[in-house]
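Participant: First the structure, which I've put down as structure tokens, then a few questions once you've had a look.
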Amino acid sequence: MSQTTRWVLGAGALAFVLSGCGADGTVTTVGAPTTTIESTSGPGLVGEPTPLVSQLTAAPDSLSSDELVAIARDAQLTVSWGCGLGFTLASADQHVALYLYPASNEATASPVSFPDPTWSGVLVVGNDLLSNHCDDVMEDDEPVPYQIAEWALGAGTLTFDAPADAITRPQSVTGELVGGVVDTPAGPFELEALTIVNDAFGLFAG
């Protein structure tokens with residue numbers, strides 16, 4: 001099992017000074033700009049879970065379809081999980097996950113335009129979705145993944161550079177999804193452009 005985590009900074013200020021040395025040996029300092037990062041909240045970010053996410057954890061079957069869609073819309077997909085010949089990106093709390101995988105071990109051509117009969121592209125909502133990722137043995141102390149809802153991608157283009165020897169020599173591959181649209185009972189919604197890293201592309205459980 002492998003995962004790549006991209007942490008999101010909720011708030012802060014960045015200050016820096018640019019200095020350089022010219023050909024004549026003089027040192028030049030260029031300003032001292034400050035960049036302020038505004039605080040944000042939502043599933044997948046560090047902080048208190050929203051009421052809907054708390055309800056998802058405590059009583060997942062009590063949520064309506066519209067509430068599940070709202071959780072998916074607000075989720076911050078920031079954690080890449082490596083395995084197989086596709087891509088998995090999830091919220092840090094593992095309540096929402098995006099799975100992009102080929103239907104067969106040979107279907108690794110890029111780009112992929114969803115919907116595509118040779119690929120599966122779905123957004124899933126639930127609890128502990130990645131607790132047994134790329135692992136065919138469930139340990140006694142591991143939570144069991146619990147899926148509540150699943151919706152297909154109605155649009156989107158996935159690009160990646162898959163090496164020809166990935167199956168015999170697993171390696172890191174980066175995918176980019178742009179124009180992603182999730183079809184839900186409450187209507188479609190767009191995903192932001194996403195970068196997904198499979199740092200074990202070609203590796204399978206077993």
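Read the figures in this text as sums done on the coordinates, not as results from a lab. This is a predicted model, so every value here is computed, not measured. Every residue, glycine among them, receives a Cβ derived from its backbone with ideal geometry; neighbour counts consider all protein chains shown.
Participant: Taking the Cβ of H95 as the center, what net charge do the other residues with Cβ under 12 Å away carry, scoring Lys and Arg +1 and Asp and Glu -1?
Facilitator: -3
Participant: Work out the charge dipole of the range 74-176 with +1 on the Cβ of Lys and Arg and -1 on the Cβ of Asp and Glu about the Cα centre, then indicate which of I167, F114, L98 is farthest towards its positive end.
Facilitator: Farthest towards the positive end: F114.
Participant: By how many nm would the segment from T118 to F204 lengthen if fully extended, with 0.36 nm per residue of separation less the alpha-carbon distance?
Facilitator: That pair, T118 and F204, stretches by 29.1 nm at full extension.
Participant: Can you give the local net charge around L158? Use residues other than it whose beta-carbon is closer than 12 angstrom to its beta-carbon, Lys and Arg +1, Asp and Glu -1.
Facilitator: It works out to a net charge of -3.
Participant: Still on this model: Please report the net charge: other residues with Cβ closer than 12 Å to the Cβ of T50, K and R +1, D and E -1.
Facilitator: Taking every other residue near T50 into account, the sum is -3.
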